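The values are calculated or read from the model by the stated rules, or taken from the named source; none is laboratory data. Remember, predicted model here, so these are calculated numbers, not experimental data. Heads up, the Cβs are rebuilt from the backbone with ideal geometry, glycines too, and the neighbour counts pull from every protein chain shown. With ligands, DNA and RNA removed, areas are computed over all heavy atoms of the protein, side chains included. Shrake-Rupley method; radii C 1.70, N 1.55, O 1.52, S 1.80 Å.
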Amino acid sequence: MTKRVAILISGGGSNMVTLADSMVGDHPARPCLVLSNVPDAGGLQKARDRGIPADVVDHRDFKGDREAFENALVSAIDPHAPDILCLAGFMRILTPLFITRYAGKMLNIHPSLLPKYKGLHTHARALAAGDAEAGCSVHEVTAELDGGPILGQARVPVRPADTPDSLAARVLEQEHRLYPAVLRRFASGDRTPIFLPWLSVPAKKG
Ligand code: GAR
């Protein structure tokens, strides 16, 4: 049975695009929903352009009431009956109530080599620590922030002239390799972690 995938975003949605575009042909899953907590998230239009239902639950409408916000998320998600939820740059912390509801079905991509640098400002923290390498992780979402079982990691070198932005761009290229690879494997029922070696993505021509 083809799996149904809901993707939660807050911004440009470049990871959402690589996930959505990977779910073709003999892939075991298809996108069923893109949901954003930010009404003008750039990823919403990219989803609609691909014929994927796109919806918004604006967290600001709930004025700090996390339970009400999450209930609204559930009401937006459940009619689409997803088998898998992918957090792809979804920048709200979820409560155990929401996480328990989708236990074993929810993945997240985080821009660090977990368990290093949970939370925000991962690239600045890697540079401040003088790390020789950085990277990204896809993990199962559990009640511990950025703490669930790791399903994949990709590494990048840190260059001497790096800024948080240049390092973020190098890591993001690898996010776009890693997340689709992990989703494909996960959707086929295999949770064996994927560890991608460093592979520079050639610059786009033109
Ligand atoms: C990505 O770098 C993702 O790893 C990060 O947000 C960016 C979203 O970019 N996620 C987190 O920091 C989660 N804590 P995108 O909207 O272009 O996919």
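Each DSSP beta bridge with both residues in region 58-206 is either parallel or antiparallel, and the antiparallel ones are about 65%.
Using R₀ = 22 Å, calculate the FRET efficiency as 1/(1 + (r/R₀)^6) where r is the Cβ-Cβ separation of Asn71 and Leu120; round to 0.05.
E between Asn71 and Leu120, to the nearest 0.05, is 0.30.
Values of log10 I(q)/I(0) for the chain across q = 0.08, 0.10 Å⁻¹ run -0.26, -0.41, by the Debye formula with one identical scatterer at each alpha carbon and no solvent.
Determine the gain in length on full extension of the stretch Thr100-Ala161; use 0.36 nm per residue of separation and subtract their C-alpha separation, reporting nm with one decimal. Mind showing how you got there, number by number?
Details: separation 61, 0.36 × 61 = 21.96 nm, distance 4.25 nm.
Between Thr100 and Ala161, full extension yields an extra 17.7 nm.
In straight-distance terms, cross-link reach from Lys105 covers every one of the aspartates and glutamates whose alpha-carbon lies under 14 Å from its own, apart from those fewer than eight places away in the same chain; here that gives Asp78, Asp83, Glu140, Asp190.
Send over a whole-number figure in Å² for the accessible area per residue of the chain, probe 1.4 Å.
Result: 49 Å² per residue.
Rg over Rh for region 112-206 works out to 0.99, both radii taken from alpha-carbon positions and Rh defined as the Kirkwood radius.
Do any trypsin sites (Lys or Arg not before Pro) in region 124-206 lie in a DSSP loop with no more than 16 other beta carbon atoms within 10 Å, and if so, which? Please list the in-between numbers first.
Working: sites: Arg125, Arg155, Arg170, Arg177, Arg184, Arg185, Arg191, Lys204, Lys205; in loops: Arg191, Lys204, Lys205.
Sites meeting the loop and neighbour criteria: Arg191, Lys204, Lys205.
Region 36-102 and region 153-200 have Cα centres spaced 24 Å apart.
For region 47-118, what is the Kirkwood estimate of the hydrodynamic radius, computed as the reciprocal of the mean inverse distance between distinct Cα atoms, to one decimal in Å? List each step's numbers first, then the result.
Working: mean 1/r = 0.0721 Å⁻¹.
In region 47-118 this quantity evaluates to 13.9 Å.
Calculated [222 nm] ellipticity per residue, helices only, for the chain: -9500 deg cm²/dmol; basis is -39500 (n - 2.57) per DSSP H run with n ≥ 4, divided by all residues, nearest 500. For the chain, carbon and sulfur atoms together expose 57% of the accessible surface, with a 1.4 angstrom probe and every protein chain in place. Projecting the Cα atoms of Leu199, Leu183, Met106 onto the charge dipole of the chain (Cβ charges, centred on the Cα centre) puts Leu199 farthest toward the positive pole. Hydrophobic, long helices, defined as DSSP H runs whose alpha-carbon span along the helix axis is 27 Å or greater and whose mean Kyte-Doolittle value is at least -1.0, occur in the chain at 164-187. Extending 7 Å from the Cα toward the beta-carbon at both Arg191 and Val24 defines two label points whose distance is 3.1 nm. Using r as the Cβ-Cβ distance of Ile93 and Ser200, and R0 as 41 Å, what FRET efficiency do you calculate, to the nearest 0.05? The computed FRET efficiency comes out at 0.75.
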